[in-house]
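I have placed the structure first, in the form of structure tokens, so that the comments after it can refer back to it.
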Amino acid sequence: MILYYLQRTFFSERTVIFLVRSLKEIRKYLDKNKKEIEYDGEGRAVIELRVLDDSAFLSPYSTARHNIISEEVSDFIEHSLRGVPHEKAVHFCIHSDVITPEEQREYTKAIHSHYADKYSDSRMEKKHLHRMAAIMTLVAVIALSLIIGFDAKGLRNEVFTEIVDIFAWVFMWEAVDIFFLQCTLLRFKQQRYLRLADSKIEFLPLSKGK
């Protein structure tokens with residue numbers, strides 16, 4: 001069907017076949033060259049990172065309890081985990097010749113604290129989403145109950161009923177979106193944050209990362 005549609009619109013049959021083959025070849029190439037995830041003896045996914053300059057590793061701002069990693073480092077860490085399942089424990093091997101032993105301890109604590117804080121924030125966000133979804137569901141049920149009540153008393157007005165019906169279903173579908181989509185995505189993030197807050201962090205000489 002897709003092949004027929006493409007032929008009828010933009011491309012000749014030969015061109016369409018070429019495009020389909022090209023896409024298949026690209027997928028095969030990507031699958032063939034995809035780097036397999038390595039695991040250590042504890043079953044943690046091993047992520048190799050290199051740090052050539054650690055001057056911006058920590059944020060210039062911090063709390064009274066601990067330092068915070070910079071947003072750039074946070075984005076870098078999360079980007080390095082693409083392809084790693086959210087529920088998998090993580091083992092970072094950070095290769096660098098510029099990080100001192102004292103900084104290693106400081107950076108490890110900062111990474112763990114950063115993702116522990118993000119997990120706590122996500123828990124509060126999830127509670128807020130649950131409250132919103134519950135309120136929207138209640139509003140939708142009340143609106144639909146009004147329609148049923150007016151029908152039972154013979155007070156049905158087509159225009160009013162249609163407006164309330166649309167209003168109720170919009171709220172109901174929004175609640176469904178929050179419960180089953182937004183909260184699901186947030187749960188995946190929480191799993192990632194927990195694993196990062198409990199990650200194993202090992203610092204190695206840069207020569208071992210080459």
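Only the coordinates and a few stated rules stand behind these numbers; no lab work does. Since the model is a prediction, treat every value here as computed from it, not as a measurement. So basically every Cβ, Gly included, is an ideal-geometry build from the backbone, and we count neighbours across all protein chains shown.
So between S62 and K127, what do we pick up on full extension, going 0.36 nm a residue minus the alpha carbon distance? Don't skip to the answer; put the middle values down first.
On the way: separation 65, 0.36 × 65 = 23.40 nm, distance 2.65 nm.
Between S62 and K127, full extension yields an extra 20.8 nm.
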Give, in nm to one decimal, the length gained when the segment between A116 and I147 is fully stretched (0.36 nm per residue of separation minus the Cα-Cα distance).
-> 6.4 nm
Exceeding the 18 Å Cα-Cα cut-off - candidates K88/K126; K127/K189; K88/K189; K109/K189; K126/K200; K118/K189 = K88/K126; K109/K189; K126/K200
Taking N as its residue count, the alpha carbon Rg of region 29-176 over 2.2 N^0.38 Å = 1.75
Residues with beta-carbon under 15 Å from that of D75, excluding D75: net charge, scoring Lys, Arg +1 and Asp, Glu -1?
-> +1
For R105 and S207, extending 7 Å from Cα along the Cα-Cβ vector and measuring point to point gives, in nm, a value of 2.6
Sequence-distant or interchain residues sharing an amide H contact under 5 Å with H95, placed H: which?
-> L49, R50, V51, L204
Size of electric dipole in region 105-210: Cβ of Lys, Arg +1 and of Asp, Glu -1, about Cα centre, debye, nearest 20 | 940
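V159 to E87: FRET efficiency via 1/(1 + (r/R0)^6), r the Cβ-Cβ distance, R0 41 Å, to the nearest 0.05?
Numbers: r = 51 Å, r/R0 = 1.24.
Calculated transfer efficiency: 0.20.
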At 0.36 nm per residue, minus the direct Cα-Cα distance, what do Y39 and F188 gain on full extension? Give it in nm, one decimal, please.
-> 51.6 nm
